[in-house]
1. Could you count how many residues in the stretch 134-153 are in contact (Cβ under 8 Å) with a residue 40 or more places away in the chain and out of contact with any Ser or Thr (no Cβ under 7 Å at 6 or more places or on another chain)?
2. Restricting to the stretch 190-203, and then to whatever is modelled with pLDDT of 95 or more and surrounded by fewer than 17 Cβ atoms within 10 Å (Cβ to Cβ), can you tell me which residue is nearest to Pro45 (Cα to Cα)?
3. Just for the stretch 165-189: of the residues that are aliphatic (A, V, I, L, M) and surrounded by fewer than 18 Cβ atoms within 10 Å (Cβ to Cβ), which one is farthest from Tyr215 (Cα to Cα)?
4. When you scan the stretch 105-116, do you find a residue that is farther than 17 Å from Asn83 by Cα and within 20 Å of the chain's Cα centre (by Cα), even just one?
5. Identify the single condition in (1) more than 20 Å from His194 (Cα to Cα); (2) exposed (fewer than 14 other Cβ atoms within 10 Å of the Cβ); (3) modelled with pLDDT of 95 or more that His324 does not satisfy, given that it satisfies every other one.
6. Restricting attention to the stretch 115-142, and to residues there that are hydroxyl-bearing (Ser, Thr, Tyr) and assigned to a strand (DSSP E or B), which single residue is surrounded by the most Cβ atoms within 10 Å (Cβ to Cβ)?
7. Can you tell which of Glu156, Glu100 is under 21 Å from His35 (Cα atoms), charged (D, E, K, R), without any contact (Cβ under 8 Å) to a residue 24 or more places away in the chain and part of a strand (DSSP E or B)?
8. Pull up the stretch 173-229, narrow it to residues that are basic (Lys, Arg) and not in a strand (DSSP E or B), then point me to the one that is nearest to Val160 (Cα to Cα).
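The values are calculated or read from the model by the stated rules, or taken from the named source; none is laboratory data. Note that this is a predicted model, so its numbers are computed, not measured. We place every Cβ from the backbone using ideal geometry, glycine too, and count neighbours over all the protein chains shown.
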Amino acid sequence: MTIKRILIIISMLFASSSVFAQDKSGYYYNWNIDHTERYVKPSIPLTKLEANKISSYLVEFNKQNYMTSVSYFFEGKPSIHSNFNAFKMVREHSPNQFIEKFMDNKGQFVLNNDGVYKRVYKLNDSGFWIEKMNYDRKGQLIEVNEVARVVVERDEQGAVVSEIQYNIKGGVIPDGNGFSYVHFKYNADGLTTHRENRNREGNLVNGKFGYATVYFQFDEKGSFFEEEFRDALGHLIVHPYFDLAKIHFRELNKYGKPSRIYYINENGYPHKERAYAVVTHRPNMTRESITYFDHVGDRTSDRNGVYSSTYEYDIKGKYLGKTHYDITGKEITAK
């Protein structure tokens, strides 16, 4: 093969990569479902008409296939109630790091809702981040939910296999499961299957809530549909806050929203008192209501006496809270 032909093939590969990156830009329901933290992988593409009716993310990529920005819209209007807590997040890439900063809908750099002005990611030799830090407008390291810095380890394929969170003083901050040294496993699509609590020696140990592993299942679009809690010996454990050992989300719509939820006890059977729930959503895909039923399909209540709840959001998509009702339809205050 001649040098000229090789150069032509290389140029064609670069051109096709550029076209792919540009084609990938657009509106999506999920802006990133790559749990391995290697690439940005948006999911559930939306037409402009769909994006004007529900919540959506406008994701933009450059010719090198790096995400350059993501913006959040609620019913087609700019909103700051995204999962990164701002209207827009931009990424600035360099060989040794990338930086995330936040913008309002006027194009001005701002603090996000957590008070973060920029988030700095340090990269390894393979170009994947291994440490991220939160900074305020003055360039001072700050904490968000007690966490200022996150350090990860990666496997030979670049996937994140462990994570430790630190505060400003260098103390370890457990995650929401009470896990201090978190380890991950994934399926072939890069979606999390296991979130494990391991000690410094690598041994699986129970966390403060009595379980050592959270198991997950996601569909190919990244929609979450199952979760369970097990101790270090593999036994199902009832979560003290959720009153369940396993939960199934079923009858998902095209955006991954369930219309039924099933609750499983530590023996692997449906709860007798609260076996399942019926869920409704508004046209904009915010949750509208949830209603509980027992194992034979009769109306029932959860352990706080709640039979049904309605969910409220403002016009910008901000969640405002729930109103609870008992089995007679009377409004109550849940514990």
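1. 0
2. Checked the stretch 190-203; the qualifying residue nearest to Pro45 (Cα to Cα) is Thr193.
3. Checking each candidate, the answer is Ile168.
4. no
5. So His324 meets the others, but not (2).
6. Tyr121
7. From the options Glu156, Glu100, the qualifying one is Glu100.
8. Selected residue: Arg200.
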